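Colleague: Mind having a look at this structure? Questions to follow.
The values are calculated or read from the model by the stated rules, or taken from the named source; none is laboratory data. Everything numeric here is computed off the predicted structure, so don't read it as measured data. Backbone-built Cβ (ideal geometry, glycine too); neighbour counts: all protein chains shown. These accessible areas exclude ligands, DNA and RNA; they are computed on the full protein's heavy atoms, side chains included. Shrake-Rupley method; radii C 1.70, N 1.55, O 1.52, S 1.80 Å.
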Amino acid sequence: MTILKVEFLSLTFVRPRHVFLLLLIVSIILMSLLLAGCSSSFSVMPRIYLLNVGYNGGTVYQVTGDTVVNPDASVLLGDIVGQTQLEVRIGYFAVCLRSAPGAWLCSQNATSLAQNLYAYEDPINLLHVAQTFREKIVFPYLLIIAAALSFIGFVLILPYPPLLKTVCVGICFLSAILVLISVLWQHTASVAAATVATNLANGTVFTGVGITAMILGWFSFGLLTLTVIGVYFFVAINALHSG
Ligand SMILES: *[C@@H]1O[C@H](CO)[C@@H](O)[C@H](O)[C@H]1NC(C)=O
């Protein structure tokens, strides 16, 4: 009875294309979340960031190594930095900050965020570093095109003609490649900027790469790849049956 029911379900209601539609919808949602990261202080938004930079709150982690010429730099910069605890998070279109552990303040307009800060809260201009990173290095447009292509793929799976599904394979493949480039770009740029920032600040600031943003990016790539493989085999099997 159960087997019959499951077969009944899988044959009439849950068609392969419904699975592909679900995969595409989820990957579009993940990409949208990634693009919207930091754009509001609501809920999980401040946790979706590419890179964060912040002051160590008075603790100085002295840089060590054979190439350190001026070991006093950490102490000198530590004096300038003082006890501030400001943390800045950078998303694709916006920046979040908080001057003490607590609520986040997020805006697409970093100028308006800067107007709320005093000089002692951001002594070596981390907000400016963050804004420069966002403006000059972060590149959201591949991801936007990928999301648009996934949506076109979604629309093409809906109707019946198999030809459109072949087109869908191509479009979803392109979308997956764009997401892959975007995620690699995002990861490389964030790690590079994080390493340079901590060393240049001689251990007075911390940096981190956003794990949630990484997961969102890699998951949407994975889902798109699954869709491409799935639709490809679906089209191939249908062609075998009819031909
Ligand atoms: C950003 O905020 C500043 C100050 O609040 C304002 O002068 C500027 O026009 C804003 N920029 C945009 C693009 O909204």
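Colleague: Averaged per residue, what accessible surface does the stretch 66-164 expose to a 1.4 Å probe, in Å²?
Modeller: Numbers: 5630 Å² over 99 residues.
Result: 57 Å² of accessible area for each residue.
Colleague: Follow-up question, since we're still on this one. Can you compute the helix-only [θ] at 222 nm over the chain? Use -39500 (n - 2.57) per DSSP H run of at least 4 residues, normalise by all residues, nearest 500 deg cm²/dmol.
Modeller: Working: 8 runs with 145 residues, N = 243.
Mean residue ellipticity at 222 nm (helix-derived): -20000 deg cm²/dmol.
Colleague: Show me the helices of the chain, taken as full DSSP H stretches, that run 27 Å or more along their long axis by Cα and average -0.5 or above in Kyte-Doolittle hydropathy.
Modeller: Numbers: long enough: 16-36 (30 Å, 2.28); 162-200 (56 Å, 1.58); 211-242 (46 Å, 1.70).
Going by DSSP H runs, the hits are 16-36, 162-200, 211-242.
Colleague: How big is the Kirkwood radius of the stretch 69-130, worked out from every pair of different alpha carbons and given in Å to one decimal?
Modeller: On the way: mean 1/r = 0.0794 Å⁻¹.
Taking the inverse mean of 1/r over all distinct Cα pairs, the stretch 69-130 comes out at 12.6 Å.
Colleague: Right, another one. In a solvent-free Debye calculation with one equal scatterer on each Cα, what is log10 I(q)/I(0) for the stretch 145-243 at q = 0.16, 0.17 Å⁻¹, listed in the order of the q values?
Modeller: These q points yield log10 I(q)/I(0) values of -0.72, -0.77.
Colleague: Of the accessible area of the chain, with the probe set at 1.4 angstrom, what percent is carbon plus sulfur?
Modeller: Numbers: 9390 of 13360 Å².
The computed percentage sits at 70.
Colleague: In addition: Along each principal axis of its Cα atoms, how long is the chain end to end? Whole angstroms, biggest number first, please.
Modeller: Taking the Cα atoms of the chain, the three principal extents are 77, 39, 37 Å.
Colleague: With equal scatterers on the alpha carbons only and no solvent term, can you work out the Debye log10 of I(q)/I(0) for the stretch 80-184 at 0.12, 0.18, 0.21, 0.24 1/Å?
Modeller: Values, matching the q order: -0.58, -0.84, -1.00, -1.16.
Colleague: Moving on to the next point. Exactly which chymotrypsin sites (Phe, Trp or Tyr not before Pro) in the stretch 26-129 are in a DSSP loop and have at most 12 other Cβ atoms within 10 Å? Show your work: numbers first, answer last.
Modeller: Values: sites: PHE42, TYR49, TYR55, TYR61, TYR92, PHE93, TRP104, TYR118, TYR120; in loops: PHE42, TYR49, TYR61, TYR92, PHE93, TRP104, TYR118.
Sparse-neighbourhood loop chymotrypsin sites (Phe, Trp or Tyr not before Pro): PHE42, TYR118.
Colleague: While we're on this one: Give the Rg (one decimal place) followed by the Dmax (whole number) of the stretch 164-209, computed from C-alpha coordinates and expressed in Å.
Modeller: 17.6, 57
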